[in-house]
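Read through the structure below, which is laid out as structure tokens, and then see the notes.
Quick note: the coordinates plus some simple rules give every number you see, no bench work behind them. This structure is a prediction, so every number in the text was calculated from the model and none was measured. No Cβ is skipped: glycine too gets one built from the backbone with ideal geometry, and neighbour counts run over all protein chains shown.
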Amino acid sequence: MSNYTLPDLPYDYNALEPVITKEMLEIHYDKHHRIYVNNLNAFLEKYHEAEVKHDAEKMLELSSIVKFNGGGHINHSIFWEILSPQSKAGGDLKETYEIYKSITKHFGSFEKFKELMNTKTVAIQGSGWGWLGVSKQTKALIVDTTLNQDLLSAKGIIPLFCIDVWEHAYYLKYKNLRADFVKNIWSILNWEIIETKYKKAIL
Ligand SMILES: [Fe+2]
């Protein structure tokens, strides 16, 4: 039986204010993410039951809903991990970090990278995620997007950080202004964690 659980949030519900309000984080984490986890467990159980019965048709029917909820769980787990309160390390990208050196080398400047990431992420049609990742094959940095709850790793890219642009991520405060949410998220990115992920990815 599967037993995926909500990961602990590494900060309080009000710790990411004013970028993400207490109410936004509480609903996003405790309602939306929790539903992905509950659904993942429930549908994996049904999937295993179908597998025991060798019911291939049922297994295929269930696989897309398992993929969707599993993606929702994995993507949100990465998202909570790479955020940090401004009072701690939030938004603090040190020029000595390898990730800073690689970004400036690869994209020309940090500002150019940020503009590319913002533009691509804001332009996602419908629900999805903006990503900075590392190609598994070439180890090059890549700015990319995924739709719905698709995984970046399915494209052969190791995720470093992500921006959730489902409406549930920003609508309570930002309403239709997705671009403002994306612009503000930079001040609560945990570059210390992103640097650790980057060093691991390029090994
Ligand atoms: Fe979300």
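I'd like the residue in the range 123-148 that is among the β-branched types (Val, Ile, Thr) and either in a helix (DSSP H, G or I) or under 12 Å from the mean Cα position of the chain (by Cα) (or both) and, out of all such residues, is nearest to the ligand (Cβ to nearest atom). Selected residue: THR146. A single entry from GLU167, GLU192 fulfils the requirement of being more than 23 Å from SER84 (Cβ to Cβ) and of a type in the set (Asp, Glu): GLU167.
Scanning the range 149-170 for residues that are more than 23 Å from ILE103 (Cβ to Cβ) and away from the ligand (no atom under 11 Å from the Cβ) turns up ASP150, ALA154.
When the residues of the range 51-101 are narrowed to those that are assigned to a helix (DSSP H, G or I) and in contact with a strand residue (DSSP E or B) (Cβ under 8 Å, 6 or more places away or on another chain), which ends up farthest from the ligand (Cβ to nearest atom)?
If we take residues in the range 51-101 being assigned to a helix (DSSP H, G or I) and in contact with a strand residue (DSSP E or B) (Cβ under 8 Å, 6 or more places away or on another chain), then ILE99 is farthest from the ligand (Cβ to nearest atom).
Checking each residue in the range 94-131 for being among the acidic types (Asp, Glu) and under 20 Å from LYS199 (Cβ atoms) picks out GLU95, GLU98.
Per-residue answers, yes or no, for (1) within 22 Å of GLU17 (Cβ to Cβ); (2) touching a residue at least 24 places away in the same chain (Cβ under 8 Å); (3) in contact with a Ser or Thr (Cβ under 8 Å, 6 or more places away or on another chain):
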| position | (1), (2), (3) |
| --- | --- |
| ASP150 | no, yes, no |
| SER153 | no, no, no |
| ASN184 | yes, yes, no |
| TYR198 | no, yes, yes |
| ALA201 | no, yes, no |
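Can you pull out every residue in the range 106-123 that is without any contact (Cβ under 8 Å) to a residue 60 or more places away in the chain and basic (Lys, Arg)? Answer for the range 106-123, where residues must be without any contact (Cβ under 8 Å) to a residue 60 or more places away in the chain and basic (Lys, Arg): LYS112, LYS120.
Conditions (1) closer than 21 Å to GLY128 by Cβ; (2) surrounded by fewer than 17 Cβ atoms within 10 Å (Cβ to Cβ), marked per residue:
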| residue | (1), (2) |
| --- | --- |
| GLU23 | no, yes |
| HIS33 | yes, no |
| LEU40 | yes, no |
| LEU44 | no, no |
| LEU83 | yes, no |
| HIS106 | no, yes |
